[in-house]
Amino acid sequence: MTRADRETRGSLGKPGWLAGLALGALAGVVLYRRLAPPARMPNARVWGAELARRHGPAKGAELLARAQELYRELYARKPDFSHETGWLSRLVLDYHAVWQILPALAIYRALGEDGAESTAARDEVLELAWTTIGPFYRTALFWLPALREPFPAWKRSVALAMQTIFPPAGWGRRWVADAAGRYALDITACVYLRTLSGYGAAELTPVFCWIDDQMARLLPASIVFERAGTLALGQDRCDFCWRRARLRSKASSDAEQVTLDRPFASEDANST
């Protein structure tokens, strides 16, 4: 245990342990509520309201209805994870497919059928996905900025997440660094890329990579997230790295300050 870890554990004591427990309990409750196969596309209510705001009530309702039809078709041939070792891994991988990947793919295809260019459709899917994933991350990370030294606690949270929420059965990994000021791992295989490739829509995978970047903006300013490339963008790995910031900047963990880039817009500019 590093000196920083000892200091943090000593200063936090029981409150820090309880915060970690609360985070785990929250994730468990959310997962439990989503075990049963959905009667309709997950997030339909929230996404329907957002589609209506963007496209008008009539067009938004039309897009949502078509997305729900597509979702049912996709769900009928969803990935089979029954061969994976461990009931928890099977459950979690099924959750990612049913509640994250397939709804995004259904919306993406509905927008494409309506005439949206691929880049614009992916940007819209990203923004729709963040309307539901963003509040969860804000809730899950609310305790972190309150810590005197959040980096050791964040390292432990990542390690736990990589065994539970992102199990080895879905994400191949190679640990690169575990030091007082740097924590890094390479992702060498990704169930999101594998699943979307199976549906012929590998180009949608970067949406979920960019969600990682948006989540990182919720971290305390003392924790810097870096990633040079991803599998989805053609690299041989996703090189995740978190490090202590040398200088504090204006806190980026304020949820109200988190804004979404339009990551695929540059593709349109480069193609003209």
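The values are calculated or read from the model by the stated rules, or taken from the named source; none is laboratory data. Please read all numbers here as calculations on a predicted model, not as lab measurements. When we count neighbours, we look across all protein chains shown, and the Cβ atoms used for this are built from the backbone with ideal geometry, even at glycine.
For region 139-154, does any single residue satisfy the condition of being acidic (Asp, Glu) and at pLDDT below 95?
Yes.
Need at least 2 residues that are within 30 Å of ALA245 (Cα to Cα) and hydroxyl-bearing (Ser, Thr, Tyr) per element, so show me which helices (runs of 4 or more DSSP H) inside region 76-195 make the cut, counting only ones lying wholly within it. Spell out how you get there, then give the answer.
Numbers: elements: 87-95, 102-113, 118-140, 150-161.
Where helices (runs of 4 or more DSSP H) fall fully within region 76-195 and carry at least 2 residues being within 30 Å of ALA245 (Cα to Cα) and hydroxyl-bearing (Ser, Thr, Tyr), they are 118-140.
Out of curiosity, is ILE107 buried (at least 16 other Cβ atoms within 10 Å of the Cβ), more than 16 Å from ALA169 (Cβ to Cβ) and among the β-branched types (Val, Ile, Thr)? Walk me through how you get there before you give the answer.
On the way: buried (at least 16 other Cβ atoms within 10 Å of the Cβ): yes; more than 16 Å from ALA169 (Cβ to Cβ): yes; among the β-branched types (Val, Ile, Thr): yes.
Answer is yes for this residue.
Take ASP94 and decide whether it is of a type in the set (Asp, Glu), surrounded by 14 or more Cβ atoms within 10 Å (Cβ to Cβ) and within 19 Å of ALA202 (Cα to Cα).
yes
Would you point out which residue out of ARG194, ARG174, ARG246, ARG237 is modelled with pLDDT under 95 and of a type in the set (D, E, K, R)? Walk me through how you get there before you give the answer.
Numbers: ARG194 fails: modelled with pLDDT under 95; ARG174 fails: modelled with pLDDT under 95; ARG237 fails: modelled with pLDDT under 95.
Residue meeting the stated conditions: ARG246.
Looking at GLY134, GLY115 in this structure, which one is at pLDDT below 95 and under 29 Å from HIS55 (Cα atoms)?
Result: GLY134 is the single residue among GLY134, GLY115 that is at pLDDT below 95 and under 29 Å from HIS55 (Cα atoms).
Taking into account only those residues within region 113-141 that are free of Cβ contacts under 8 Å to residues at least 60 places away in the same chain and crowded, with 16+ Cβ neighbours inside 10 Å, which is nearest to the chain's Cα centre (by Cα)?
Filtering region 113-141 for residues that are free of Cβ contacts under 8 Å to residues at least 60 places away in the same chain and crowded, with 16+ Cβ neighbours inside 10 Å, the one nearest to the chain's Cα centre (by Cα) comes out as ALA121.
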